[in-house]
1. Could you derive backbone 3J(HN,Hα) for the range 114-127 from the dihedral phi with the Karplus parameters 6.51, -1.76 and 1.60 (θ = phi - 60°), listing whole Hz in sequence and x where the residue is Gly or Pro?
2. Place +1 on the Cβ of every Lys and Arg and -1 on the Cβ of every Asp and Glu in the range 97-141, take the dipole about the Cα centre, and give the residue among His101, Leu115, Val129 whose Cα lies farthest towards its positive end.
3. If a paramagnetic tag sat 7 Å from the Cα of Leu94 along the Cα-Cβ line, which residues of the range 189-221 would have the backbone N under 11 Å from that point?
4. Pop a pseudo-label 7 angstrom from the Cα along the beta-carbon direction at both Glu166 and Val187 and give the gap in nm to one decimal.
5. Explain nothing, just the number: dipole magnitude of the range 82-148 about its Cα centre with +1 on each Lys and Arg Cβ and -1 on each Asp and Glu Cβ, in debye rounded to the nearest 20.
6. Estimate the FRET efficiency between Thr126 and Lys5 by the formula 1/(1 + (r/R0)^6), using the beta-carbon distance for r and 35 Å for R0, to the nearest 0.05.
7. At a 1.4 Å probe radius, which order do Ser99, Ser64 fall into by accessible area, largest first?
8. Would you please give the FRET efficiency between Ile118 and Gln217, computed as 1/(1 + (r/R0)^6) with r the Cβ-Cβ distance and R0 = 45 Å, to the nearest 0.05?
Amino acid sequence: MSSLKCAHCGLVNFATATQCRRCRTPFVQNLSSNTGAEVQGIVLEDGYVLPPPPSIGTAGAGVSRDGSKMVVSKGAPLPDRCVKCNGPAPGPKLKKRFSWHHPALFLLIFVALLLYFIVAMIVRKTAIVELGLCDDHMTKRRRNILVTWLVILLGVGGFVLAVIFEENTFLLAGILSIFAGIIYGVVTLRIVTPVRIDDKFAWLKGVNKDYLAELPQWPGA
């Protein structure tokens, strides 16, 4: 099949087109009976719907498990389940950008901190993954964000009191409060952690074991 003829206006389009270039009539049809699903196929001139490959448009395609880690193909949609408890996650997913570099690169910190940051920015690998969270875990995350900022702002208030009363005790309390807020945020707001990222895949740990059990085994394992 080298071309597609629009049944509405008659224009001949490329075979890879998803809609007519002239009248914008779509050449795709939803093949799923599930509401909200987007499994689509190409509609031919005679009305026959050519099914897509099994991995196209299916939530979870491109997602697998490698031992205790989840392997995600970059751009692949995750199942509508919570990655922390495997409960339903019908709401909008949390978009996270992960960065990773080889752990040996941390040795540069002992040589020169600035050099480490420069090299890390150059060689790091990144991946954007949209994670599903249930209502309970999403609510818990929002609460932890609020607590984090309140503790940090409390530390800023300590700096203000140190200036007003010229008392170093408030300054020390402010510094400790800011550090405590940062540490609390780093620990409680972490959902999953990248253990490896390459040009095509991201390996993530911290995913619920029941969630992992429902994923296919990664073929590269």
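The values are calculated or read from the model by the stated rules, or taken from the named source; none is laboratory data. The model shown is predicted, which means the values in this text are computed figures rather than measured ones. Note that each Cβ is placed from the backbone with ideal geometry, even for glycine, and that neighbours are counted across all protein chains shown. Accessible surface areas use protein heavy atoms only, side chains included; no ligands, DNA or RNA. Shrake-Rupley method; radii C 1.70, N 1.55, O 1.52, S 1.80 Å.
1. 5, 4, 4, 4, 5, 5, 4, 5, 7, 9, 5, 10, 10, 8
2. Final value for the positive-end residue is Leu115.
3. Counting backbone N atoms under 11 Å from the label point, the list is 189-193.
4. 3.8 nm
5. Result for the range 82-148 is approximately 120 debye, rounded to the nearest 20.
6. Between Thr126 and Lys5 the formula returns 0.25.
7. Ranked from most to least accessible, the order is Ser99, Ser64.
8. Efficiency at R0 = 45 Å is approximately 0.70.
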